[in-house]
Structures are given as structure tokens and as C-alpha cells.
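Readers should treat all values here as calculations from the given coordinates under stated rules, not as data from a laboratory. Remember, it's a predicted structure, so these values are computed and weren't measured experimentally. Every residue, glycine as well, gets a Cβ built from its backbone with ideal geometry; the counts of neighbours run over all protein chains shown.
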Amino acid sequence: MCGIVGYIGAREASDILVTGLKRLEYRGYDSAGIAVLNGSVKVRKKEGKVSELETVLNGQPVDGSVGMGHTRWATHGVPNDVNAHPHTADNGRFAIIHNGIIENYAVLKKQLAEKGYTFTSDTDTEVLAHFIDDVQKEANLSFAEAVRQALTQVDGAYGLVAVSQDEPDMLVVARNGSPLLLGIGEGEHFIGSDASPFIEYTRNVVYLNDGEMAVVRRNSYEVFKIDGAPVAKEVHALEWDLEEIEKGGYEHFMLKEIMEQPEVLENAMRGRVRLDDNQIRLGGLADVMPQLVNAERIIICACGTSWHAALVGEYLIEKHTRIPVEVEYASEFRYRDPILKDGDVVLVISQSGETADTLAAVRQAQQAGILTLGVVNTVGSTIARETDAGVYLHAGPEIGVASTKAFTAQVVVLTMIALAIGKERGTIDEGTLHTFLQGLTAIPDQIRSVLAQSEQIKELSHDYKTADNFLYLGRGCNFPVALEGALKLKEISYIHAEGYPAAEMKHGPIALIDRFMPVVVIAMKDAIYDKVVSGIEEVAAREGAVIAITEEGNDELDDLCKVVLHVPRSLECLEPLLTVIPLQLLSYYVAVLRDCNVDQPRNLAKSVTVE
Ligand code: G6P
């Protein structure tokens, strides 16, 4: 989720680039950089926030009216000055910035190294820069043509901008999987990951589609497909203001983050779930896989929503690997003198990578000489750095305090970890693995179909805005979803809610049920469906208002429940990825109706870095 900005015109480029990058910081940042053309390509880049880059620029300003800038959210290589973009090639003759992942970068890097290319960073982007150089020199091409031909040989996602000192009056832009648009001005043009960097200069934009490129000059731009065919583009007039743009047009970051889950999960699986050769490739675990395969126990530690993902992970890992799993609140683990022994692995889950209790669990395990793994979203965060190995979510920054897309990305990553270990241990056969890989691959589109019901969920939320209490019930791997649904509602709407395993209802919560108690029941048609239905009957008998989440085509609950929401059918262990979506939407719409501060609920912090 890096941010990209570009400018060509008559104004001072570096001012526009730095202001634009600041506006793109909401997309995530661990470093930032710009390149400006002034006879040669001048690059300034720095780890940290855009303000750090600004300090560098104050000391070493760059003049010029053509340039590009980038905020990085690392995917390859730790966040530092060297890995920051832009990356140059051929002794600084040209530079590129890139948002996305070049999947075949390892193969390209090997080929280039054999030809004598050397690399200063750990990034896939630098590989792409050298590859463009190689393609250009091999066939003596113009710069734009070299970029185009190189991209035809690249697998993966990119939003890309390139500048060359040989052809200084143009920017070359390409998009495949990462958003990019052009801002059309008078004698000047802008480029952005969204329109926020240039909204005060022009509201006329051209959206690039996947597989399209553009050559952008001061007074003209040409758009064509990566295969070279010209494309006629329409100019759209933007109506959004700055804040709306940052939220992707949604009213709140939380809603944006709920809605972007299909793409987030595609990113989390990209290059990792390999249907064609029935593989899961998790580069971050390659070195420790022998230890994982022989693990005698896996202890998962986390807090909040990440702890709920851990509970789903327990089902997944035990099912596919037959390794016993224990799930601990990180805050409890650290203080209860846990028994840790040879053969144990401690896996921590943290969106921020900075939660103090989770970090303490990592340190405690390491003191006991135990292998630690991290499932973390924020690249370069403390937990990501201190764990021995791990897998990033690649979910992009999560800004809404109530976690949504990180939860589903965590469940996807845990599924991939379980399948990868299971395959190595021989506890999952090739056929079952294939079925799971197909199931995972289908999830993003299935989530799209659940998100398409958001208007219906918005409507029904009116009936619940005055509720004082909610009960959430689920069984098996949907029990953690019941906990997560209850937590979402509590966090943002301040309605008291509890999650329970459905069968435990009769041991207590049933005493609370009357006609004022909405009860959300996740009732997928799995092995214990009939037992869940018995629970629904008990609630209905006490006039409780049941909102059931079940699978498409199941109309058996229609008479028993007040509301029935449907999600597509999936494999049992993958159901949480679908059943959680209506619960996220319900809590969001109820909180909006109650006029709550959805993105920053009272008393809560996005990242709890103190005890
Ligand atoms: C806070 C946040 C939650 C989050 C929890 C754990 O309580 O408000 O949304 O689930 O911390 O955070 P982590 O970054 O470690 O996943």
C-alpha cells in the first residue's frame, strides 16, 4: 500500500511531491523518497516519516519541474534508507518508484547477476530497474519502450513511475494491480495513487486500468496497453474533497477497510498460494520449516482481535498438522511463568507489531531459548524485527481502531501456515491440500458477494440501534467469530455484547434472554449444525430475536429467526473469513446510527504499546 506521486509542469516539483507524499502517508509509511530531474536524476530518500525526508531536503534541496515521489510500506527488505524508493539504474541514468510485488524478481535477479549487475538494496524494485536497463540496452530502445517491454516479462502487481535523464520531458507510468491516476492540468500533469496529492491543482483525472501505461509530458499524455495498443481515455471530473479521497470515498476508514478485504486477501495470498503446483510458498518461514515440522507444541499469543484470529488458528493448525496448539492472551502468558520446553514454538499475532504484552511474550520465549514466529502487518515493527521468523499480512495500513481487514488477513496467513506445515509433515494429502488452496482462492470473490449485502445490513441495523445487550453464539471455528462479532459491537457502538460457544448458552446466558435481547447465531451447515439449530429454538422459545448467519440456499431457519443472512458455502475451517463480514458490517452500521466515533472509539487505542 505504498503511495505514489508524480509531477511534470512549470512549478517546483519537490514542493508538490513532498506535500503529496504527506497526504499519502495514511496509506502507510516506513520510508519516503523523491527523484527530481535537473540535467541528471537527483534522488533524496530517507527511512521514517515524510517529515524526515523533508529534513534531508532542507539540507540538500533539489530544483526541477519534473519528478516523482514515493512513501514505502515495505514488502521486500527491511525499512531503511537503502531500500527506500526511488531506485536507480545505470549509475543514476534513470530512476523508478514502484508499488506492488514483482513475483518473479528472484529469477530476474539471478539472470541479471549472471550478466554482471550488482544490487545495493533487498528490493524487488531495484531488480526491476536493472531489468529495464538491460532490456533497453539489449535492443537499443527508447526509455518508454524499454519500460513497456520489461513489464511484459514481469509477473506480479505494480503501480510504477519512471524518469530518465536521456528523455527529461516525460514521465513513464504503468499500472497492474496497484491504483494510479493522472491529474490533467494546463501545461502540467500530475500522477497519484489517489487524487489527494493534486486535488488543489486539478479535479480532472484519467484513471489507468490494470495493464495500461502512459507517457506523460507537460502538454500531452498518451495511454496504451502494456502490449502496445493505444487506448482512448475519458477525463473524469472529481467531486471528492481531500478527506473523502483518503477514505476512498467511504464515510469512515473502518468501512473502507471492511470493503477492501477482498483485495487485501488477494494481496496476502499473492505469490504464496500456488494452485498450479499445489504449493504454499512462505519465504519468511523457509529457514525454520525443519523446526516447525518437528514442533511438539505451538503456543499462540496475541491480544484483542488478533487473539480471536489465534483461536481460529488453533483449529486450523491442529486440523492440518496434528501438532497440539495452545492459545494464550499475551498479557497472561507473560506473568504466569509458562512451562516452555524443547520442541515448543511460540507464534505471536499482531497487526501493529508493537503491542507491549505481545512483545513481552516474544522476549520471554526467547529467553527460554524457544523459536518465535510473528504474524504481523506492519513491516519493520518491533515484533517483526525481534521474532526469529514470520509471515507478513500485506494488508496495508489499518487505520480504524476496530480491527477488520487485519483479522481476515491473519486467518488467511494462519491457514497458509497450517497447510505449509501439514504438507511438510505429511499430515495433509495432496488432494485435500488442493481442495483447500481452491477454497482459499475462492474466498475474495465470496467476500465480495457478502459485501454486496451491505445495504440490507444497513437497513436492519435500524432495528438494533437502541439495544442494550447482544449475545453472539457460534461453534467450532465460528466460536471465535462470535467473540469477534461481540468485540466489534462493544468497541464502536458501546453496546454490551458477549460471545459464547453456542452449547454453553444453557450454562448461563440463557437466563438473560427475553424479547429485548438480540442473539446473533452463526449456523453454518456443518457437522454440528443440528445442535446449533436446537440452540436457536431455545432462544426463539424465550422470544429472543435471532439474527442467523447461515449458508446460501438454506431456508430452514426462515421461520425460526427474525433475520437470516446468507454467506457462500466454503470449507468449514475457512468459514470465519465469510461469517465475520456481516458481523463487521452490522456493528459498523449500528455504531453510525448511534452517532459514535467509529474510527476512534472512546478510550481505545489502535496500538497498545504500554501495559
Ligand atoms: C488494540 C486494538 C485492537 C487490536 C489489539 C491488538 O486493543 O484496539 O484492535 O486487536 O490492540 O493489537 P495488535 O496490533 O497486536 O494486533
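DSSP beta bridges in the chain, what fraction antiparallel, as a percent rounded to 5?
60
All other residues with a Cβ under 14 Å from the Cβ of Thr387 taken together, and with Lys, Arg as +1 and Asp, Glu as -1, what is their net charge?
-2
What relative contact order, as a whole-number percentage, does the chain give when Cα pairs under 8 Å and 6 or more residues apart are counted?
Reported as a whole number, the value is 11 percent.
If you filter the range 294-382 for GluC sites (Glu not before Pro), then keep DSSP loop positions with at most 14 other Cβ within 10 Å, what is left?
Counting only loop positions with at most 14 other Cβ atoms within 10 Å, the GluC sites (Glu not before Pro) in the range 294-382 are Glu296.
Would you mind ranking Leu316, Leu17, Leu574 by Cβ crowding within 10 Å, fewest neighbours first?
Exposure proxy ranking, most exposed first: Leu574, Leu316, Leu17.
Using only Cα atoms, find the angle between the long axis of helix 430-451 and the longest principal axis of the chain, and express it within 0 to 90 degrees, rounded to the nearest 10.
So the helix axis and the longest Cα principal axis differ by about 80 degrees.
Among Ala89, Phe131, Gln149, whose Cα sits farthest toward the positive end of the charge dipole of the range 3-238 (+1 at Cβ of Lys/Arg, -1 at Cβ of Asp/Glu, about the Cα centre)?
Ala89
To the nearest 20 debye, what charge dipole does the chain have about its Cα centre, counting +1 at the Cβ of each Lys and Arg and -1 at the Cβ of each Asp and Glu?
720
Averaged over every viewing direction, what's the projected area of the C-alpha convex hull for the range 246-448? Give it in nm², one decimal, please.
10.8
Let me check against my output: what whole-number percent is the relative contact order of the range 246-448, with C-alpha pairs under 8 Å and at least 6 apart?
Result for the range 246-448 is 29 percent.
Tally Lys/Arg at +1 and Asp/Glu at -1 over every other residue whose Cβ is under 13 Å from the Cβ of Asn83; what's the total?
It works out to a net charge of -3.
Among the listed pairs Lys458/Lys525; Lys405/Lys465; Lys225/Lys405; Lys405/Lys525, which have their C-alpha atoms separated by more than 28 angstrom in this model?
Long pairs (Cα-Cα over 28 Å): Lys225/Lys405.
Can you list which of the trypsin sites (Lys or Arg not before Pro) found in the range 75-172 are DSSP loop residues with at most 16 other C-beta atoms within 10 Å?
Listed in order of number, the matching sites are Arg93, Lys115.
Can you say what percent of the DSSP beta bridges in the range 246-448, counting only those with both residues inside, are antiparallel? Round to 5.
10
Just from its helices, what would the mean residue ellipticity at 222 nm be for the chain, if runs of 4 or more DSSP H residues each count -39500 (n - 2.57) and the sum is divided by every residue, rounded to the nearest 500 deg cm²/dmol?
Rounded to the nearest 500, it is -11000 deg cm²/dmol.
Using a Cα-Cα cut-off of under 19 Å, which aspartates and glutamates could be cross-linked to Lys506, ignoring same-chain neighbours fewer than 8 residues away?
Once the sequence-local aspartates and glutamates are set aside, what remains near Lys506 is Glu498, Asp514, Asp530, Glu537, Glu538, Glu543.
What ranking do Lys490, Lys562, Lys405 get, fewest neighbouring Cβ atoms within 10 angstrom at the top?
Ranked by crowding around the Cβ, least crowded first: Lys562, Lys490, Lys405.
Per-residue HN-Hα couplings for the range 563-569, Karplus 6.51 cos²θ - 1.76 cosθ + 1.60 at θ = phi - 60°, whole Hz, x for Gly and Pro?
Result, ordered by residue: 9, 10, 10, 10, 10, x, 6 Hz.
Give me the net charge of Val598's neighbourhood, meaning all other residues with Cβ under 10 Å from the Cβ of Val598; Lys, Arg count +1, Asp, Glu -1.
Result for the local shell: -3.
Within the range 165-208, list the chymotrypsin sites (Phe, Trp or Tyr not before Pro) lying in a DSSP loop whose Cβ has at most 14 other Cβ atoms in a 10 Å radius.
none
Go through the range 333-342 residue by residue and turn each phi into a ³J(HN,Hα) via Karplus (6.51, -1.76, 1.60, θ = phi - 60°); whole Hz please, and just put x for glycine and proline.
3, 5, 10, 10, 6, x, 7, 10, 9, 3
Tell me which residues come under 5 Å, amide H to amide H, from Val273 once H is placed; ignore anything under 5 positions away on its chain.
Arg281
Tell me the angle of helix 50-59 to the major Cα principal axis of the chain, expressed in degrees between 0 and 90 and rounded to the nearest ten.
Taking Cα atoms only, the helix is inclined about 20 degrees.
Hey, any idea what the orientation-averaged projected area of the convex hull of the range 41-133's Cα atoms comes to, in nm²?
Across all orientations, the range 41-133 yields a mean hull projection of 6.1 nm².
Whole angstrom only: what separates the Cα centroid of the range 352-423 from the Cα centroid of the range 243-297?
The range 352-423 and the range 243-297 have Cα centres spaced 12 Å from each other.
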